[in-house]
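The values are calculated or read from the model by the stated rules, or taken from the named source; none is laboratory data. Predicted, not measured: the structure shown is a model, and the values here were computed from it. No Cβ is skipped: glycine too gets one built from the backbone with ideal geometry, and neighbour counts run over all protein chains shown. Just the protein is used for accessible areas: all its heavy atoms, side chains included, with ligands, DNA and RNA removed. Shrake-Rupley method; radii C 1.70, N 1.55, O 1.52, S 1.80 Å.
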Amino acid sequence: PEKRQTFENLKMGRPFREIGSRPQLGKILNDNQETYKSGTLPDGVLYLVGAVDVQEGSAANPEKARLEMSILGIGKRHRTWIIEHIILPGAVDDPFGGAWNDLDNYLLEKQEKLYRRSDGLGMYPRLFLVDSGSGKMTDIVYSYCAKSYGVFPCKGFSKLVQRKKEAPDS
């Protein structure tokens, strides 16, 4: 699309107009929306994972520092539900205190109190990924993950890009 836009604007001297159709947002939301209570598992959930994002706050608002954690339920064909979203406010610059300590307490507590499906099956996320993000937080995230069982650092990025001469997976 970018090359076509450049051609239309620069070579042909015409305004670029997108072609095609877009699905209606309301229809997509209604077709995919389910009602379930936070902290409970829909019946299609096969396993759980946890994802943690580190929010450093800012120089003007250091009190906004926090960890944001989502517990995700994964089902057939990679169907995903947000089971619970938890915000753990506190300092994130010490892997042994602040919000990290609250994350430790949450992980210990949840091992005893399982998430349950309607059939009674209880589950606990056995894998937690923590975004090691910016260079300032990388060492802190690595230190936290090194002392925690089932918690691993990961690196997020904004978009997937196919490399030149790379065949797509089939």
Item to check | Residue under evaluation GLY120, criteria (1) in contact (Cβ under 8 Å) with a residue 12 or more places away in the chain; (2) within 24 Å of TYR47 (Cβ to Cβ); (3) of a type in the set (Gly, Ala, Ser); (4) open to solvent by 20 Å² or more (accessible area, probe 1.4 Å), criterion not met | outcome: (1)
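Let's see how each residue does on (1) polar (S, T, N, Q); (2) open to solvent by 100 Å² or more (accessible area, probe 1.4 Å); (3) at pLDDT 90 or above; (4) closer than 28 Å to GLU34 by Cα:
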| site | (1), (2), (3), (4) |
| --- | --- |
| PHE96 | no, yes, no, no |
| VAL130 | no, no, yes, yes |
| SER134 | yes, no, no, no |
| ALA146 | no, no, yes, no |
| LYS164 | no, yes, no, no |
Item to check | Condition broken by ASN9, with the remaining ones in (1) on the phi > 0 side of the Ramachandran plot; (2) without any contact (Cβ under 8 Å) to a residue 40 or more places away in the chain satisfied | outcome: (1)
Next on the checklist: Whether any residue in segment 88-104 is in a strand (DSSP E or B) and touching a Leu at 6+ places or on another chain (Cβ under 9 Å) is what I want to check.
Outcome noted: yes
Checklist entry - When you look at ASP169, is it out of contact with any Pro (no Cβ under 7 Å at 6 or more places or on another chain), open to solvent by 80 Å² or more (accessible area, probe 1.4 Å) and modelled with pLDDT of 85 or more, yes or no? => result no
Item to check | segment 13-30 residues that are among the basic types (Lys, Arg), paired with ones that are open to solvent by 100 Å² or more (accessible area, probe 1.4 Å) and in a loop (DSSP other than H, G, I, E, B) (beta carbon under 6 Å, 6 or more apart) | outcome: none
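Please find, within segment 24-71, the residue that is farthest from PRO95 (Cα to Cα) out of those that are β-branched (Val, Ile, Thr), part of a loop (DSSP other than H, G, I, E, B) and open to solvent by 40 Å² or more (accessible area, probe 1.4 Å).
Of everything passing the filter in segment 24-71, THR35 is farthest from PRO95 (Cα to Cα).
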Checklist entry - Within segment 8-23, can you find the residues that are in a helix (DSSP H, G or I), open to solvent by less than 100 Å² (accessible area, probe 1.4 Å) and either hydrophobic (A, V, I, L, M, F, W, C) or under 20 Å from GLY73 (Cβ atoms) (or both)? => result none
Checklist outcome for this item: Given the conditions (1) under 30 Å from GLU34 (Cα atoms); (2) in a strand (DSSP E or B), every one holds for PRO153 apart from (1)
